[in-house]
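The values are calculated or read from the model by the stated rules, or taken from the named source; none is laboratory data. Only a predicted model underlies this, so the values are computations on that prediction, with no experimental measurement involved. In this analysis, Cβ positions are derived from the backbone assuming ideal geometry, glycine residues included, and neighbour counts consider all displayed protein chains. What goes into the accessible areas is simple: the full protein's heavy atoms, side chains included, and nothing from ligands, DNA or RNA. Shrake-Rupley method; radii C 1.70, N 1.55, O 1.52, S 1.80 Å.
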Amino acid sequence: MATEQKHSNYLSEAESRLRQLSPEKLRVAVAIIAYLQKTEENEATEKILNIPDFAKYLREIEQNEEKLENTASNQIASDEEVWQAYLAVEKKWEEVFLQLANS
């Protein structure tokens, strides 16, 4: 998947998730985004990866995204397969956001 397309997909995903958050969780999400913008990339990544279970969720999300990419590039998947992979990614992102909001 092209970098520009991935960026667009991430923005769409972020917007969709942000719209579903309660005002308190949205405040936390905005603070996290501001933190990421203001800190050095390595420093921010290191601190965020120290949040309990965050690295595990991130790896699972990345693996599911890779599965989606491989499915798209290597074969035509059924609608059900794509939907199940999408739901798995959605669930993992929700777990990540909850973990961030609770830390």
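For residues in segment 14-56 being basic (K, R) and under 14 Å from F97 (Cβ atoms), which is nearest to the chain's Cα centre (by Cα)? Give the derivation first.
Taking segment 14-56 and keeping what is basic (K, R), we get 17, 19, 25, 27, 38, 47, 56.
From what is left, the residues that are under 14 Å from F97 (Cβ atoms) are 17, 19, 25, 27.
Numbers: R17: 9, R19: 15, K25: 16, R27: 18 Å.
This residue is R17.
Identify, from the list K92, K56, K67, the residue that is open to solvent by 50 Å² or more (accessible area, probe 1.4 Å) and either modelled with pLDDT of 80 or more or on the phi > 0 side of the Ramachandran plot (or both).
Numbers: K92 fails: open to solvent by 50 Å² or more (accessible area, probe 1.4 Å); K67 fails: either modelled with pLDDT of 80 or more or on the phi > 0 side of the Ramachandran plot (or both).
Step by step, each of K92, K56, K67 is checked, and only K56 is open to solvent by 50 Å² or more (accessible area, probe 1.4 Å) and either modelled with pLDDT of 80 or more or on the phi > 0 side of the Ramachandran plot (or both).
Looking for something modelled with pLDDT of 85 or more and of a type in the set (G, A, S) - is there at least one such residue anywhere in segment 31-47?
Yes, there is a match, as at least one residue in segment 31-47 is modelled with pLDDT of 85 or more and of a type in the set (G, A, S).
Across segment 36-45, which residue is nearest to K67 (Cα to Cα) among those that are in a helix (DSSP H, G or I) and open to solvent by less than 70 Å² (accessible area, probe 1.4 Å)?
Among those that are in a helix (DSSP H, G or I) and open to solvent by less than 70 Å² (accessible area, probe 1.4 Å), it is T45.
Anything in segment 1-32 that is charged (D, E, K, R) and either more than 17 Å from N64 (Cα to Cα) or open to solvent by 60 Å² or more (accessible area, probe 1.4 Å) (or both)? List them, or say none.
Of all residues in segment 1-32, those charged (D, E, K, R) come to 4, 6, 13, 15, 17, 19, 24-25, 27.
Hits for segment 1-32 are E4, K6, E15, R17, R19, E24, K25, R27.
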